[in-house]
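Here the structure is laid out as structure tokens; the discussion comes afterwards.
The values are calculated or read from the model by the stated rules, or taken from the named source; none is laboratory data. The model shown is predicted, which means the values in this text are computed figures rather than measured ones. Positions of Cβ are backbone-derived with ideal geometry, glycine not excepted, and every protein chain shown enters the neighbour counts.
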Amino acid sequence: MGKTLAQKIIENHLVREECSSPEDAALRIDQTLTQDATGTMAYLALENMGIDRVRTELSVAYVDHNTLQCGFENPDDAQYIRTVAARYGIVYSPAGNGICHRLHLEHFGKPGKTLIGSDSHTPTCGALGMLAMGAGGMDVAVAMAGGAYHIPMPKMIRVNLSGRLQKGVSAKDLALELLRQISVKGGVGAVIEWAGEGIAALTVPERATICNMGAEVGATSTVFPSDEQTKHFLIEQGREEDYIPLRSDEDAVYDREILIDASSLKPLIACPHSPDNVRTVKEVSGTPVNQVCIGSCTNSSVRDMMSAAAILKGKRVAEGVELSVSPGSREVLEAMIASGALADMTAAGARILECACGPCIGMGFSPVSGGVSLRTFNRNFEGRSGTRDAKVYLCSPETAALSAVMGCIADPSELDEIACAVPQANSTMGNMVMPKPENEARRTEILRGPNIKPMPKWGRMEDSLEACLTLKAGDNITTDHIMPAGAKILPYRSNIPRMSDFCLTVCDADFPTKAKQAGQTVIAAGENWGQGSSREHAALVPRYLGVRAIVAKSFARIHKANLVNAGILPLVFADPADYDLLRQDDGIRIDGIKEGVQSGKLTVTDLKSGHAIETRCELDARQKQILLCGGLMNYMEEYGK
């Protein structure tokens, strides 16, 4: 039987002696990346692991999230990351260079390699034929220390693309079409491979948009074959030696196949407040717009910028509309300058922001109260923009640019053919700092500002738990609900005690106070608890507040792993209907935890109603040990792997 591309990469990187079961894939990791909002905690964990030098082929630390320096916190975090990078042999990319996923695609991604990053959109590099995955910061630290990265052996989904994209339709619309078909949880536990004759016309930057948005369907990774498009991109980047051809076998077997006809696709848009709330642009055309944002790791390539600039050229942004443009990297910005695209955009009235994540994570450029914001980003969760009652839509650069000019949502397929010449960018590493020699690196002083607090530590898992059900939540609660982002909160990412003041306040403004009063807390949740970002703060902070177990109908992949790493029980209702039996503020008791974790079955008792609810604890053997140890850091101290 033939193998899929992902199966080939997994097989080549499998550390068989570390696999705890046939369902556990223990992978040797070639490359890692971190960004500053999650990187500080990852490096605090790395410092505890007793190594002198990272043991990966390449590790890169990017500063692209917390670039708004309103106080000492963000620059102190960047200084800490810079000195840690110098100490441990990590490439350092300072603020202003660009967004980690765009930069890694340009300069470091290689076909056939494995990559994990402390950011859920790390699968962007699947556009180069990599197996690239988002992970919690502690898992990234383990990989940097030479340990394997463990994932459940993924299922394989093949998207067969036929036809060619028509006028006004772009790669973003392909990503939105997949979301429309399978929803934000349709890819959980799977690697999605794009194939078929239709992919031959998609450039690597277009493929990167699709791989980036694969995180929104919950996929472990998204991957394209390494083909002539890959080779062309690597030649342009001056990295032809990194090219190798890779593809799935003709007789490879998939768990599911999805058909998309590119030629029949119309411009699409994700309506508030979920990436899978997808409609055609035509259905919502005419909706007044207050703000338009072009950029983010999803759509900030030279091609994206040129398409938007071609629409804006010679026109003006409509009165009452603000337009921002965030180039993905210095390389993209320099191409915009050289081609005149930047001048066309500024002449149209655009505000040019720095090469960073910016508005995508609520770091500036928030919409007006109740405003409509069109964004070429990947997430439109409620409040993520920084404005709680804003209505955020996700769309392509073409739809965004035209809507900025028209003052309302407008369909780019109704334009004449968009004249868009995509110049070759001059590959530039920007201000990246390469690793020092090992002997010199050992003499580097690691600098910590006063906001940087130690990684919290907890004891081993106890055999019984009595707690309060402090929160009962619904379906698709995101990590933005659990641990919000934004300019007011992100500076505290290296300070777990301070961050606890904001935990789950989107769901219940009083949750931190209730949790502290309760001492020990259980949360009940619906489907897909923890979708979205890889931020392990969404596990560490609840654990700090005394959250000991979460009973849900289902979990998002990365967040479930982060819960285990933080020593929180991730329990699944054996019968989803039992969710209705649990009531907020009731007392909860769980006995026989140690045996129950091993057997995979635990009983949760509501002390007020007396209901005994059966749950499953679906973990591999290694995860069970991590949980019983009280978390990954305890496990590493005890077992060292």
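Numbers below:
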{"quantity": "Residue list for region 304-335, filter: in contact with a Leu (Cβ under 7 Å, 6 or more places away or on another chain) and more than 15 Å from P397 (Cα to Cα)", "calculated": "S329"}
{"quantity": "Residue selected from region 315-349 under the condition within 31 Å of the chain's Cα centre (by Cα) and surrounded by fewer than 17 Cβ atoms within 10 Å (Cβ to Cβ), by the criterion nearest to V422 (Cα to Cα)", "calculated": "I337"}
{"quantity": "Extreme residue, modelled with the lowest pLDDT, among residues of region 442-493 that are of a type in the set (A, V, I, L, M, F, W, C) and part of a helix (DSSP H, G or I)", "calculated": "L490"}
{"quantity": "Sole residue being in contact with a helix residue (DSSP H, G or I) (Cβ under 7 Å, 6 or more places away or on another chain), more than 27 Å from L103 (Cβ to Cβ) and in contact (Cβ under 8 Å) with a residue 12 or more places away in the chain, chosen from M461, M429", "calculated": "M461"}
{"quantity": "Filter result for the condition that a residue is closer than 30 Å to A350 by Cα, part of a helix (DSSP H, G or I) and in the same structural domain as D389 (by TED's automatic domain parsing), over S296, S274, S300, S307", "calculated": "S307"}
{"quantity": "Among (1) in contact (Cβ under 8 Å) with a residue 40 or more places away in the chain; (2) basic (K, R); (3) in a helix (DSSP H, G or I), the one test that K516 misses", "calculated": "(1)"}
{"quantity": "Qualifying residue in region 418-435 (condition: over 30 Å from D586 (Cβ atoms), of a type in the set (A, V, I, L, M), touching an Asp or Glu at 6+ places or on another chain (Cβ under 6 Å) and part of a loop (DSSP other than H, G, I, E, B))", "calculated": "yes"}
{"quantity": "Any hit, region 493-513, residues being under 30 Å from E382 (Cβ atoms), in contact with a Leu (Cβ under 9 Å, 6 or more places away or on another chain) and polar (S, T, N, Q)", "calculated": "yes"}
{"quantity": "Per-region count, region 578-630, residues farther than 20 Å from L563 by Cβ and aliphatic (A, V, I, L, M)", "calculated": "3"}
{"quantity": "Extreme residue, farthest from the chain's Cα centre (by Cα), among residues of region 284-301 that are β-branched (V, I, T) and crowded, with 24+ Cβ neighbours inside 10 Å", "calculated": "V289"}
{"quantity": "Of all residues in region 481-529 being hydroxyl-bearing (S, T, Y) and within 23 Å of R448 (Cα to Cα), the one that is surrounded by the fewest Cβ atoms within 10 Å (Cβ to Cβ)", "calculated": "Y492"}
{"quantity": "Unmet criterion (only one of (1) farther than 26 Å from P359 by Cβ; (2) not assigned by TED's automatic domain parsing to the domain that holds L545; (3) not acidic (D, E)) for N451", "calculated": "(1)"}
